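Since the structure comes first, as structure tokens, the remarks are kept for the end.
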Amino acid sequence: MADRVLGRAARTDEAPHLPSADAPFTGPARAAEGGCGLRTAPEGTPQELPGPGAQGPSLPLLRAARSAIEANLDRPDLSPALIARVLGVSLRTLHRSFSGSGDSVMSFARARRLHRAHDELLGSSPARRISEVAARWHFSDASHFVRHFKAAFGTTPTRHIEAHRGKDAP
């Protein structure tokens with residue numbers, strides 16, 4: 001009776017149990033079921049701190065979304081819709097969780113892909129072409145990649161590699 005007075009449905013086999021708004025976000029429940037095939041980040045994966053406006057109930061969702069994005073950067077079909085589906089939230093809720101962080105869902109993914117491409121370029125053999133790395137990290141073409149790389153790192157990939165390799169030379 002108290003459940004009815006408080007507006008809660010009694011838990012029966014006919015009524016599924018939904019977590020309360022106070023319950024912590026438990027992460028991507030559907031990923032383990034195979035859902036859309038997205039992977040979740042391994043436990044203990046370091047996460048960047050959210051922006052100053054990210055707080056309250058969206059913070060756990062933001063962390064879970066960033067983990068799911070990080071774990072799936074190599075997928076060409078990575079999109080906000082796929083991340084929302086694996087987390088079991090609406091697309092609007094996913095975008096709202098990023099609203100205070102200073103990033104959008106895909107700008108976060110692009111930044112993480114840029115960092116992975118950066119690491120790959122610096123760690124690869126000199127024969128590895130920039131266009132190959134750009135394609136591997138799902139940039140539409142080399143010029144698109146170069147534009148974003150320069151905005152993020154202040155120089156072109158070629159000059160950045162030359163400067164880095166110059167420091168490593170004996």
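The values are calculated or read from the model by the stated rules, or taken from the named source; none is laboratory data. Keep in mind it's a predicted model, so treat the numbers as computed, not measured. No Cβ is skipped: glycine too gets one built from the backbone with ideal geometry, and neighbour counts run over all protein chains shown. What goes into the accessible areas is simple: the full protein's heavy atoms, side chains included, and nothing from ligands, DNA or RNA. Shrake-Rupley method; radii C 1.70, N 1.55, O 1.52, S 1.80 Å.
With respect to the conditions (1) under 24 Å from VAL146 (Cα atoms); (2) open to solvent by less than 10 Å² (accessible area, probe 1.4 Å); (3) small (Gly, Ala, Ser), SER79 lacks only one, and its number is (2). Selection within segment 103-131: residues that are of a type in the set (D, E, K, R) and either in contact with a strand residue (DSSP E or B) (Cβ under 6 Å, 6 or more places away or on another chain) or free of Cβ contacts under 8 Å to residues at least 12 places away in the same chain (or both). The member of this set that is nearest to ALA163 (Cα to Cα) is ASP119. Restricting GLY100, GLY154, GLY166, GLY88 to those that are open to solvent by less than 70 Å² (accessible area, probe 1.4 Å) and touching a residue at least 60 places away in the same chain (Cβ under 8 Å) reduces the list to GLY88.
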